[in-house]
């Protein structure tokens, strides 16, 4: 943060590329060369003894490999150096406990990507209201979809510019992800109200003031099973079912260890396209909803959830009467609930709220999650039996008897925890209230 009330912000912007078949083949070859270079670098790095000159030796080996091997020469020199930089960053993340060790990249299991580390090589120009042109090394000038104003041309300077990009391929084609750096003014403190947010399955985001955010897609089918493809239209669901049946039929003819046929791979690609389309629709709803919440409310209070533990499959219990037989223990119902939780992507919602609330001058607060769904927000009586179903909460206190939607009741309890001081993390930290990010503040009164 600068002295004049300015803050440097770095973010990414992803845009769709419009490529010809020849350009697609060129970028595919570069992505496969980058993957091969990673796979060659991985065993070399593990076998070479540690020394001060190991990095320079790796750099020299990459340069020599691009001279000797034609299929590695299609990769631009700066993109090859970016492979080494990314590999080193992967080891740093492993040593610091943020990720596992770097591994071999399979042809069909790993995502295809090519890095363009220098932003000045892109030469971005806006040619139309909807399209722009960008220069890709060893490919040429290509079009991309213009959906966001970028700091290019006269708008670009030392503080506001594009520092690089990365080409990424998914089931719907090639995209370019720009790395943007900007210098913005520090936003004024948001004067909006405070609100508690409960992430659920029936109501995706239930708010304590009943301003619930729902995407209008039921999590379950009429027969009670979880809807895996709720972001697809009925025609797309029928097409997906037909493709899955075709894939299962064609897979039955493949022998063990035999490569998949071209028809089977084409069917798998069509299935991936439908899945990717559903994922995009879900992320679009999340972006629009979190932007609305960050603009409307000054303090957003959420739970600190252990999503990994919540979606853990139950272990089957042995049947005491029949040795060797295990009870299902509601595993099928739990699997459907886990799938519904994973589809809502609660962790991604919190991540979006974190940086968007800071952008608009608001604050994101995390509070403890235990008993928020079992406590009556009207009288404070806590018992597991009050949660009669996934949707209904009925207080078992004879003197209260309050009934309401279970997610709304939990949202009211969440904002109450913030008001009495049970805060785990607050981003950004509010020093005037005596809270620091990452530390729990003990309340003066018990809950």
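Annotation for the range 54-62: no member residue is in a helix (DSSP H, G or I), within 29 Å of residue 148 (Cβ to Cβ) and touching a helix residue (DSSP H, G or I) at 6+ places or on another chain (Cβ under 9 Å).
Restricted to the range 356-416, the set of strands (runs of 3 or more DSSP E) holding at least 2 residues that are more than 26 Å from residue 297 (Cβ to Cβ) comprises 392-394.
Each row is one residue, and each column tells you yes or no for (1) under 21 Å from the mean Cα position of the chain (by Cα); (2) surrounded by fewer than 14 Cβ atoms within 10 Å (Cβ to Cβ); (3) in a strand (DSSP E or B).
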| site | (1), (2), (3) |
| --- | --- |
| 190 | no, no, no |
| 196 | no, no, yes |
| 210 | no, yes, no |
| 232 | yes, no, no |
| 240 | no, no, no |
| 245 | no, yes, no |
| 249 | no, yes, no |
| 257 | no, yes, no |
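Of all residues in the range 417-447, those satisfying the criterion of being more than 19 Å from residue 190 (Cα to Cα), in a loop (DSSP other than H, G, I, E, B) and modelled with pLDDT of 50 or more are 420, 421, 422, 423, 424. Residues in the range 283-294 include at least one that is surrounded by 15 or more Cβ atoms within 10 Å (Cβ to Cβ), outside any loop (DSSP other than H, G, I, E, B), at pLDDT 80 or above and in contact with a strand residue (DSSP E or B) (Cβ under 7 Å, 6 or more places away or on another chain). One residue stands out in the range 106-119 among those that are surrounded by 16 or more Cβ atoms within 10 Å (Cβ to Cβ) and within 21 Å of the chain's Cα centre (by Cα): the one that is nearest to residue 165 (Cα to Cα), namely 115.
The values are calculated or read from the model by the stated rules, or taken from the named source; none is laboratory data. What you see is a predicted model, and the numbers here were worked out from it, not measured in a lab. Note that we place each Cβ from the backbone using ideal geometry, even for glycine, and neighbour counts take in every protein chain shown.
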